[in-house]
């Protein structure tokens, strides 16, 4: 193998999928190389062919796909022309793979240690079982699982998501590969866990000199970890450049739009999605540049003639006919009218008017005892949470998974068997009563929108039935009046009337989420509970939905309880924020107050873990963090076990006091405010460790 | 206004084209299954008109005559024409198998979905009851039901339908419940509950459309077994009575002659297995079409 050339090279790759009646290209004439010891990031919206490209590096394709043309050169061989057995010797040995979902990637019935040993033995990397075991233990230690011998004997379900992903990475490292292909390895994880995994990957890369291909839709992650970044659109690479160049001087209009539409954690968000209009429609691609239909600069030539990547600078290539004429991103942003999502000034809203008042909420699930006649015991998930929501306001609850965010939403909806506390809604309703005992009017005023529109829309009902049902039930509409109202609602969420008779699976993810929002709006609610409504969507679609939610709020004065783990989105959308840890609130305030010092230690940790789409910013504290801990004995301050600034033992023993900073801002911590004020996450983010 | 009307018309036409296109891409199992089933149904309806002999005519040929020009499939021990008996039997077979299975799938499906959705004590009691019913061997259970109805009622076709339905009901019920248990955790069911929908409405609107595929396959399998059960009962003298040309009964009657005259068993057995296979192909194909997801990127 030549020393100076790329480690692996894709040349003119075209991959097609069988679509029932014809072959459809998913990746077209794609060329790409990865140098030794380099991390190449591959970003793009869902459906752009990122994963297909990543799979091609392993010579893998699903049964319904075929390689129409192209080569993947690795070590002087073309992987696409190797036999299965020859490929098997390379996969896992020289090129290994880390998939998105560690829960399904690990075999549930085998000790995780044995799964690593298996990889070592299959490739004859270790000669004896004993040697393999020793190496597996060593690997587990190296990926940051300190008590390796205990972890070795665990089953996957006994590990947290972050630990599982570490095991997978250990498995990928097992045979000292030259290249690791990572397909969205942190997408399902919390920001704090994600920060740790990214840190581990950066660490491994610098100590082993590995080459990596990192596939993700998250621009913040690539800004942290990758040395070079390729941007994909509709199966083609539209721009490839080193990290700093991509983020500072993106040339392709799609790259510019993508970077502009990422919600920023560091600045109050503004409506910048204007730079990226429309949606990728695979079946309506022109003969020329695939981005032309969505591009503001497209001319005749863009539609008719395809453009290949041209070298425009050192290591910088772009596929655009007009790259020399397109203004820079900074210039375009300056020219675009920036509109804040939140219009805080709502004249109709009285500051003291309260729509939902939650006092001392406790919510518990029941655990069935082993004995036949034992009463089920309640297990407290949420304990002593108080907040209120005003009419027409967005209140956000943030926290890691397992913190009890969704439990609060379900408790408000009456789905939780044990609810205590004082929950008053709209002045007259008591929300502690279960859902099947609520009056029709209460049910109508409180509506739900879920994270995953695939699961929240019945796949066997038409859009008209889905949106029409609440109208029938609550307003008794039928016939032409019903149809007219459904069409109005479709228009309100900016969907075409033609969708009336479609089934949900004929719509894209973002459109389905709009249908779910329309269904909730149909009931004309006063409060909508939005549980992670944006996290299943692409950035550009996210920006559109945020815009829609803000617009609907201004128009209909509906309040949102917005549950999210994405702090950047929360900063864009919420008027006030509550930070939740282990079932208890630790900070409440207006968005500006929560996102500026003094920070509660946990808020600080969360904010510092968010990877920003800016290579100059790092994730300072998050690297030392250990992740959400839930154990049997809860200390008086739930965060004490994990707090980076924990001062004395009274954190464990005495419940922390609520410190009031302003009429709206409160945080619950033993540490004096003056001391907390010294930690500013925004300046810390620019300090490199 | 005119432009929107024009668009709508255009869309309808496009959708029509799409559904015509879908017909061409139907699964082959559905196409073959429906062709075969149509043949069975045609034979069942028109058979008595063109069958060469009445089903109970004795001595149409020598006893145990092998297939020949006069007796196309040979004759049984009484010299009855097997071809005519198989043709005449088609109607009985289809009526008994389809009615009883349909009854079981509709009732069992409804109870199972409801039980899976409601949960709690209702589910607990109903499922234990179903399990008790399932644990009794099929024939013993059928005998018990017939005895309870009284011996004089045995041989009544409606009683047979009821018996077979009762045997299948707890089995399809459990199947439907297992589907419902999975479906009720979906968010759309949660949304429906939060909207205040009744249990009946949730079962009907939210669960049933998603369970039809499974229930149809269940129908196909059970409808295939039904003739066997009916035949066994006939053999014990509790099913349809001779000389009714019921295929299962014919197999039982002639099983002693299997070695000497295999065609006496072969003719009804082939007819029966052909019915089972075409039913299965049809329902399998139907389930595929109903469950088909539109492929997108």
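Listing for the model above:
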read-out	value
Centre separation in Å (Cα based) which lies between the range B:77-124 and the range B:166-230	16
Tensor-based shape of the range A:434-496 (alpha-carbon gyration tensor, a/c under 1.5 rounded, otherwise prolate or oblate)	oblate
Between the range A:461-504 and the range A:61-98, the Cα center-to-center distance that results, in Å	49
Projected area averaged over orientations for the range B:39-188, convex hull of C-alpha atoms, nm²	12.7
Percentage relative contact order, the range B:132-217, counting C-alpha pairs under 8 Å, at least six apart	26
Residue-averaged beta-carbon neighbours from other chains (10 angstrom radius) around B:203-216	2
Descending semi-axes in whole angstrom, ellipsoid equivalent of the protein assembly as shown, from the Cα gyration tensor	58, 37, 31
Relative packing of peptides B:26-32, A:208-214, B:150-156, B:171-177 - highest average C-beta neighbours within 10 Å first	B:171-177, A:208-214, B:26-32, B:150-156
Reciprocal of mean inverse Cα separation for the range A:163-231 (Kirkwood radius, Å)	12.4
Antiparallel %, DSSP beta bridges [both residues in the range A:170-267], to 5	55
Rg to Rh, two decimals, where the range A:116-227 supplies the alpha carbon set and Rh follows Kirkwood	0.97
Residue exposure sequence - B:164, A:310, A:191 - by fewest surrounding Cβ within 10 Å	A:310, A:191, B:164
Degrees separating the helix B:157-183 axis from the principal Cα axis of chain B, which is the longest one	30
Nearest-ten-degree value, helix B:263-290 long axis tilted from longest Cα axis of chain B	10
Rg/Rh ratio calculated on Cα atoms of the range B:22-290 (Kirkwood radius)	1.06
Inter-chain shielding of B:180-192 (mean C-beta neighbours from other protein chains, 10 Å cut-off)	5
DSSP beta bridge pairing in the protein assembly as shown, given as percent antiparallel to the nearest 5	60
With Cα atoms, 0 to 90° folded angle of helix B:82-118 axis to chain B main axis	30
Quotient of Cα Rg and 2.2 N^0.38 Å for the range B:81-158, N being how many residues it contains	1.48
Cβ-based exposure ranking for A:168, A:546, B:277, in which fewest neighbours within 10 Å come first	B:277, A:546, A:168
Rg followed by Dmax, in Å, when the range A:475-623 is reduced to its Cα trace	18.4, 60
Shielding score for A:453-463, defined as the mean number of other chain Cβ atoms within 10 Å	5
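Bear in mind that the values in this text are calculations on the coordinates, not laboratory data. Model, not experiment: these values are computed from the prediction. Cβ: placed from backbone, ideal geometry, glycine included. Neighbour counts: every protein chain shown.
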